[in-house]
Amino acid sequence: MAKPKVFVARKMAQEALDMIADATEMELWEDELPPPRDVLLKKVQDIDGLLSLLTDKVDAELMDAAPKLKVVSNMAVGFDNIDVPEATKHGIVVGNTPGVLTETTADFAWALIMATGRRVAEGDRWTRSGKWKTWGPMILQGHDIHHATLGIVGCGRIGLEIAKRARGFDMKVLYHDTIRRKPEEEKELGLEFIPKLHDLLSKADFVTVHVPLMAETRHLISTAEFAAMKPTAVFVNSSRGPVVDQKALYQALKSGQIFAAGLDVTEVEPIPMDDPLLTLDNIILAPHIASASVATRTKMATMAAANLIAGLKGEMPPNCVNPEVLQK
Ligand code: DGY
């Protein structure tokens, strides 16, 4: 029997590619950059499965162009690049990669919290540019992390891992979450639930955001939210870029309304080279790498491969975001 045809939108861990190549007739997009839209629309015309990344927009137009498509497996926990209701209408199952990147992403959010609060990237630029003339009492002062107040906006799996790590710094940890309160974790990790976002923002020394991108969270953090923060506040986002209004962030950083920011994600990725944020010293801009450890990216790839292969067999992918397609 002919093997199902799949298109894999980027190179990834060989282990995962081997799994897919064994089970399917695989076409792999070898470029470092994603397939351009017109190419992707052609590639999907006769495929049964697509292994996509968050850079590939999987919308109604693409699904209409792919009459045989049964499964879209996204190598990411987030799936805001996919129109899931539309996939469900088309009878296409969608897989994602939750869980395996939780701790790695939390580690990186902490890297941003610490590097931003203590001006690590700025210090490195200072040294390399020859500005370091002597030890100076006033040079590059940042803000203490230990015993400070951490505010977690969106306290799901990643938010809770952030909270765990904060214990080592003797921090007070506040959280705001619109989905559910977590009484057990409040006890276990000493968390304090803050019902109103602005109350959390005004109390926290460090604010870290971990919400999914949805209509309700687009520009969740904008002018009024930055105005609510302390002038010494450090703001970190490693969720999705559009959760933050970048123009408002620029104003807040430029005017000294907040102390500094660390972003792993931006509204447009990659950030355009003429974006005014790039002119500021009090921001660290990372290229969406929070989950980029060797071990985690390998696990994400093999998990995406397993979702793809199961979906092609008509089985429930181990991690499926629209199981109703197969439950009908
Ligand atoms: C995800 O998985 O959603 C991340 O943003 C990429 O690791």
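The values are calculated or read from the model by the stated rules, or taken from the named source; none is laboratory data. All of these numbers come straight from a predicted model, not from anything done at the bench. Backbone-built Cβ (ideal geometry, glycine too); neighbour counts: all protein chains shown.
The table that follows gives values for the structure above.
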quantity: Members of the range 205-253 that are crowded, with 23+ Cβ neighbours inside 10 Å and more than 22 Å from the chain's Cα centre (by Cα); calculated: 229, 252
quantity: Enumeration of residues in the range 269-303 that are within 15 Å of the ligand (Cβ to nearest atom), assigned to a loop (DSSP other than H, G, I, E, B) and surrounded by fewer than 16 Cβ atoms within 10 Å (Cβ to Cβ); calculated: 269, 270, 287, 289
quantity: Residues of the range 150-178 classified as assigned to a strand (DSSP E or B) and crowded, with 18+ Cβ neighbours inside 10 Å, total; calculated: 8
quantity: Residue among 261, 305 that is in the same structural domain as residue 79 (by TED's automatic domain parsing) and under 24 Å from residue 103 (Cβ atoms); calculated: 305
quantity: Only listed residue being in contact with a Cys (Cβ under 7 Å, 6 or more places away or on another chain) and either more than 30 Å from residue 214 (Cα to Cα) or away from the ligand (no atom under 15 Å from the Cβ) (or both), chosen from 170, 144, 124, 177; calculated: 177
quantity: Within the range 184-203, tally of residues that are part of a loop (DSSP other than H, G, I, E, B), out of contact with any Leu (no Cβ under 6 Å at 6 or more places or on another chain) and touching a residue at least 40 places away in the same chain (Cβ under 8 Å); calculated: 0
quantity: Search result, residues across the range 59-118 that are of a type in the set (Ser, Thr, Tyr) and part of a helix (DSSP H, G or I); calculated: 88, 102, 104, 105, 116
quantity: Candidates 194, 258, filtered to the one that is closer than 18 Å to residue 117 by Cβ, at pLDDT 95 or above and among the β-branched types (Val, Ile, Thr); calculated: 258
quantity: Lone qualifier among 84, 94, 71 - being in contact with a helix residue (DSSP H, G or I) (Cβ under 9 Å, 6 or more places away or on another chain) and within 15 Å of the ligand (Cβ to nearest atom); calculated: 94
quantity: Any hit, the range 255-265, residues being within 14 Å of the ligand (Cβ to nearest atom) and not acidic (Asp, Glu); calculated: yes
quantity: Search result, residues across the range 67-85 that are over 13 Å from the mean Cα position of the chain (by Cα) and surrounded by 23 or more Cβ atoms within 10 Å (Cβ to Cβ); calculated: 69, 71, 72, 73, 74, 82
quantity: Close pairs (7 angstrom Cβ cut-off, 6 or more residues apart or separate chains): within 17 Å of residue 54 (Cβ to Cβ) in the range 276-294, among the basic types (Lys, Arg) and within 16 Å of the ligand (Cβ to nearest atom) anywhere; calculated: 291/297
quantity: Selected residue (criterion: farthest from residue 290 (Cα to Cα)) from residues of the range 122-149 that are of a type in the set (D, E, K, R) and surrounded by fewer than 16 Cβ atoms within 10 Å (Cβ to Cβ); calculated: 133
quantity: From 66, 106, 76, 111, residue being within 16 Å of the ligand (Cβ to nearest atom), free of Cβ contacts under 8 Å to residues at least 24 places away in the same chain and either closer than 26 Å to residue 291 by Cβ or not aromatic (Phe, Trp, Tyr) (or both); calculated: 111
quantity: Residue 135 vs. criteria out of contact with any Leu (no Cβ under 8 Å at 6 or more places or on another chain), among the aromatic types (Phe, Trp, Tyr) and either at pLDDT below 95 or in a loop (DSSP other than H, G, I, E, B) (or both); calculated: yes
quantity: Counted residues, the range 9-54 - those being surrounded by 16 or more Cβ atoms within 10 Å (Cβ to Cβ) and among the charged types (D, E, K, R); calculated: 3
